[in-house]
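Here the structure is laid out as structure tokens; the discussion comes afterwards.
The values are calculated or read from the model by the stated rules, or taken from the named source; none is laboratory data. Given the structure is predicted, the values throughout are model-derived calculations rather than measurements. Cβ: placed from backbone, ideal geometry, glycine included. Neighbour counts: every protein chain shown. In case anyone asks, the SASA skips ligands and DNA or RNA and just uses the protein heavy atoms, side chains included. Shrake-Rupley method; radii C 1.70, N 1.55, O 1.52, S 1.80 Å.
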Amino acid sequence: MIITFWIVAINILVITFFKYKEIDRLNKEAELYSYIKSDKPEYKLPAHIKVAKRYIGDSNFRFFGVYGGKFVYFKNGYVKKDMNRFVLTLLLWEFSLSFLLILMVYAVLKHYLKKEQENRRFLKFLLGTISHKMGNFLSIQRVNLELIDADDKKPIERLKDAYAFMERDFKNIVHVIKNMQENKSQKCNAEDVIRDTFNLFKEKCENKTIDLKLQKAYVNSKSGDFYNVIHELIENSVKYSNKFIHMETIKKGRMLYIVIDNDITEKKSGSGFGLSLVRYISSKNRWNFSTKIVDNRFQAALIIRV
């Protein structure tokens, strides 16, 4: 409302200023032609003006004033022609600027609304992930506590493994939370990330065949997103595979294809929060992620533009 009032006030001021400048121009034009007509009566005046010694009743012309004893008339519409053109140009400019301003405000609001939606989605997935991991952790510890025997060290080893996994998971989650607003990209070698991540699960993979066919390729990602995706994919394969895990990277042009393939154990599968988190991070970075199960084998493919 205040902006509209100021725009109207400025328009009135500008139009009034232009009107007085136009009247001043017409006065000078009338004085000039009346002087010329007095000095040279045979001089042919422009079609839009008439200079006469007395009042004339021409409906096509409008009386403007008396200059040097001469009656000056301007053609109907001539006085308002430039004024109308100026007002129309002013309104078109204001309409264009207003439309551009609206588009800019819309773009800014859309950007922040998109950010807000992404943050909400992120927090929803994060809450689900924490709930899932804490629930599993507590369930495992409850079973282990029931099985603990001073002469049997297997439950104690399971407790240590569970605590080690939980510690790594929470460090990873804390890292994601700290960097959720970080927009800086970091470049990492896909081969190094995959090998380093498999080293974290070395003990869990002792009875499994790990087949890696990796090419050197550098990926740009925000807030360690690429590391988090690879960690979740490998952790999922280690947890639910039976005998083997095959992982391969293929670089074609500017596209990097990361494929992970493993057999599936008969034990009950998880809740799927890990893969949901992978889908969320992939969507945020505009990566393509897909999964399928073929002949009792789980396959996942991640496609990244490098």
### Query
Looking only at segment 6-28, which residues have a backbone nitrogen under 12 Å from a spot 7 Å from the Cα of residue 79 in the C-beta direction?
23-24, 26-27
### Task
Working with all protein chains in place, sort 111, 132 by solvent-accessible area computed with a 1.4 Å probe, largest first.
111, 132
### Query
Quick one: in segment 184-232, what % of C-alpha pairs are over 18 Å apart?
34 percent
### Query
Once phi is turned into θ = phi - 60°, what whole-Hz ³J(HN,Hα) does the Karplus curve with 6.51, -1.76 and 1.60 give for every residue of segment 206-211, x standing for Gly and Pro?
4, 9, 10, 8, 9, 10
### Sequence of 197, 291 from largest to smallest accessible area, 1.4 Å probe
291, 197
### Message
Expected output is a single nm value to one decimal: the length gained when fully extending between residue 18 and residue 120, i.e. 0.36 nm times separation in residues minus the C-alpha distance. What is it?
### Response
31.3 nm
### Task
Whenever you get a sec, line up 64, 5, 137 from highest to lowest accessible area (probe 1.4 Å, protein heavy atoms).
5, 64, 137
### Query
Which FRET efficiency value, to the nearest 0.05, do you get for residue 90 and residue 55 by plugging their Cβ-Cβ distance into 1/(1 + (r/R0)^6) with R0 = 35 Å?
0.45
### Task
Could you let me know the centre-to-centre spacing of segment 70-102 and segment 205-262, using Cα atoms, in angstrom?
68 Å
